[in-house]
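The values are calculated or read from the model by the stated rules, or taken from the named source; none is laboratory data. Since this is a predicted model, take the numbers as computed values, not measurements. Cβ placement follows ideal geometry from the backbone for every residue including glycine, while neighbour counts extend to all protein chains displayed.
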Ligand SMILES: Cc1cc2nc3c(=O)[nH]c(=O)nc-3n(C[C@H](O)[C@H](O)[C@H](O)COP(=O)(O)OP(=O)(O)OC[C@H]3O[C@@H](n4cnc5c(N)ncnc54)[C@H](O)[C@@H]3O)c2cc1C
């Protein structure tokens with residue numbers, strides 16, 4: 001029999017989840033190989049990477065924001081320093097309030113002590129005056145950040161390639177074998193294989209039963225030379241500065257969609273919104289689509305397969321990978337190393353199923 005190369009972990013998928021997990025495992029001197037195939041619709045390649053303390057029209061506080069964002073900042077700063085790139089950009093978001101209802105919600109929330117550090121009722125608008133259509137009112141979200149997710153994934157891949165531990169490979173589930181308590185795939189024999197496949201996990205025979213509710217998101221990349229690039233703007237769409245007068249403008253969100261490619265319908269809708277928002281010249285230079293690994297209870301999926309103890313998953317980062325990713329990649333690392341348990345709220349054991357065919361009940 002062909003001799004297999006022993007490693008500790010095989011990681012399948014190198015978007016944000018696979019990047020962060022391999023980073024923390026390597027920091028622990030674990031032997032890791034990362035296998036990734038550049039499928040269309042990879043989420044991390046499309047994301048704007050925003051980290052925001054509050055979300056939605058009702059201005060709800062993000063789950064465990066202080067704790068998670070503190071850890072995220074520390075992780076992205078260290079990773080960026082190791083890779084020689086800037087991943088973490090602190091920014092505020094100037095946010096349009098489109099109705100009396102939204103303005104009232106804003107005022108009500110900003111009066112609460114736990115929201116005060118994040119909300120400015122009277123933002124300076126001098127730099128956008130005459131450039132953006134004025135909405136009903138404005139507010140400003142403070143202490144936000146923008147994580148350069150595509151840059152992080154790309155530079156981390158180059159670093160893994162340099163270490164000789166990255167392989168471009170579309171994993172064939174039929175070829176995963178378990179022998180003598182180890183998992184065998186390709187040329188490797190590992191203690192564990194961890195799937196970090198993003199939305200593609202819905203096709204994974206071992207984990208497709210988890211309650212994923214993936215959403216397609218589309219964005220335009222727009223050159224807007226007349227727009228200041230210090231702050232993020234949220235009108236109907238987010239306008240996120242990328243440098244060189246380029247802005248990430250999006251996004252759409254659809255549970256039902258055909259394929260992962262950019263679609264004409266989304267382009268038309270995005271263009272209409274851009275036209276309604278901007279009062280300065282612009283040029284559309286790109287159109288991207290990604291599938292977010294969103295899940296029904298808005299909490300990540302960490303854990304081990306009930307019947308195949310060598311097979312694990314780190315997924316379900318949803319719309320908040322930038323915020324959730326570092327903290328839970330570290331928690332997954334500690335769990336894999338046998339040092340701590342997973343929190344029940346993120347452990348896939350929170351779902352009970354009786355027949356593996358799809359019925360889940362939250363405990
Ligand atoms: C339009 C849009 C805007 C977003 N904005 C934000 C935002 O502002 N803030 C935020 O925090 N999040 C945002 N997100 C969500 C964010 O992108 C995700 O939370 C995060 O990137 C998920 O990372 P992942 O590694 O789980 O998945 P992915 O990035 O999809 O990575 C999975 C990787 O696994 C590979 N793969 C899959 N199956 C296999 C296989 N069988 N074999 C080999 N390789 C495989 C894929 O090709 C891919 O490279 C946004 C997403 C979209 C689409």
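Points to keep in mind about this one:
- Any chance residue 339 is more than 18 Å from residue 13 (Cα to Cα), more than 15 Å from the ligand (Cβ to nearest atom) and in a loop (DSSP other than H, G, I, E, B): yes
- In segment 126-137, the condition of being out of contact with any helix residue (DSSP H, G or I) (no Cβ under 8 Å at 6 or more places or on another chain), closer than 30 Å to residue 297 by Cβ and surrounded by 17 or more Cβ atoms within 10 Å (Cβ to Cβ) is met by no residue.
- For segment 150-163, the count of residues that are at pLDDT 95 or above, surrounded by 21 or more Cβ atoms within 10 Å (Cβ to Cβ) and touching a strand residue (DSSP E or B) at 6+ places or on another chain (Cβ under 6 Å) is nonzero.
- Residues (under 15 Å from residue 8 (Cβ atoms), surrounded by fewer than 17 Cβ atoms within 10 Å (Cβ to Cβ) and within 14 Å of the ligand (Cβ to nearest atom)) located in segment 181-213: none
- Screening segment 1-42 for residues that are away from the ligand (no atom under 12 Å from the Cβ) and in a loop (DSSP other than H, G, I, E, B) and picking the one that is farthest from residue 198 (Cα to Cα) gives 1.
- Qualifying residue in segment 271-283 (condition: in contact with a strand residue (DSSP E or B) (Cβ under 6 Å, 6 or more places away or on another chain), within 14 Å of the ligand (Cβ to nearest atom), modelled with pLDDT of 95 or more and on the phi < 0 side of the Ramachandran plot): no
- Applying the criterion of being free of Cβ contacts under 8 Å to residues at least 60 places away in the same chain and touching a strand residue (DSSP E or B) at 6+ places or on another chain (Cβ under 6 Å) to the residues of segment 100-120, the residue that is surrounded by the most Cβ atoms within 10 Å (Cβ to Cβ) is 106.
- Checked against the criteria, residue 320 counts as within 25 Å of residue 216 (Cα to Cα) and either in contact with a helix residue (DSSP H, G or I) (Cβ under 9 Å, 6 or more places away or on another chain) or surrounded by fewer than 20 Cβ atoms within 10 Å (Cβ to Cβ) (or both).
- Some residue of segment 3-24 being surrounded by 14 or more Cβ atoms within 10 Å (Cβ to Cβ), at pLDDT below 95 and touching a strand residue (DSSP E or B) at 6+ places or on another chain (Cβ under 8 Å): yes
- Taken over segment 43-65, residues that are more than 7 Å from the ligand (Cβ to nearest atom) and not in a loop (DSSP other than H, G, I, E, B) amount to 5.
- You will find that of 286, 265, the residue that is more than 17 Å from the chain's Cα centre (by Cα) and closer than 25 Å to residue 88 by Cβ is 286 and no other.
This table checks each residue for (1) modelled with pLDDT of 95 or more; (2) within 30 Å of residue 337 (Cα to Cα).
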position	(1), (2)
33	yes, yes
46	yes, no
57	no, no
73	yes, yes
86	yes, yes
104	no, no
113	no, no
